[in-house]
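Down below is the structure, laid out as structure tokens.
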Amino acid sequence: MTVRLRAHHLLCMLTYVGKGYSPAFVENYEVIAARLSTGEEIELVAGPDDICGPLTADPEAHCHGPGVIERDREAADAVARLIGSPLPPGARITPSAALLARLRKTFATGEIRRACSGCEWSGLCDHLVDGGFSGVRVARGAG
């Protein structure tokens, strides 16, 4: 199986610690975080993804908004530059331990955080970076 993620969730998964928009959202994300921690393959998608699932019934949910689409574009560009490979919808990547470590390192330095500008969760992410990513749920990745 694959986990379907929109591009900015490649960044969000680095600091997910069990907080979210609703209990249903958190419950869903916990399952996805566990799958990602085993190294399950990621397929990039345009628009709402597996993480957005509990929010998609609400037409006002931010996952449908133009700002999130721009956030996806910026995240895809940043991560693609880092890994040296384009990340269009349909691209597949494996969240290996090495990739997660590399992403976290560049997230901590701010290199790949342009997409995070204006995000309501930025303060929490800053705190997690300062704490060495302690308590994050997507912790290991494959081999």
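Contact annotation: residue pairs with Cβ atoms under 9 Å, 6 or more positions apart or on different chains, pairing a residue in the range 120-134 that is free of Cβ contacts under 8 Å to residues at least 60 places away in the same chain and on the phi > 0 side of the Ramachandran plot with a partner that is surrounded by 10 or more Cβ atoms within 10 Å (Cβ to Cβ) and assigned to a helix (DSSP H, G or I), are G132/A108. Close contacts from the range 46-61, counting a first residue that is buried (at least 19 other Cβ atoms within 10 Å of the Cβ) and a second that is at pLDDT below 70, with Cβ to Cβ under 8 Å and a gap of 6+ residues or different chains, come to none at all. Restricted to the range 46-86, and to residues there that are of a type in the set (G, A, S) and in a helix (DSSP H, G or I), the residue that is farthest from G20 (Cα to Cα) is A80. Considering each residue of the range 119-132 in turn, none proves to be farther than 13 Å from A7 by Cα, in contact with a helix residue (DSSP H, G or I) (Cβ under 7 Å, 6 or more places away or on another chain) and not in a helix (DSSP H, G or I). For the range 1-45, how many residues meet the condition of being in a loop (DSSP other than H, G, I, E, B) and surrounded by fewer than 21 Cβ atoms within 10 Å (Cβ to Cβ)? Looking only at that region, the number is 13.
Taking the listed residues V17, V45, the one that is under 24 Å from G118 (Cα atoms), at pLDDT 95 or above and in contact with a Gly (Cβ under 6 Å, 6 or more places away or on another chain) is V17, with no other qualifying.
The values are calculated or read from the model by the stated rules, or taken from the named source; none is laboratory data. Since the structure is predicted, the reported quantities are computational estimates derived from the model, not experimental observations. Neighbour counts are summed over all protein chains in view; Cβ atoms, including those assigned to glycine, are modelled from backbone coordinates with ideal geometry.
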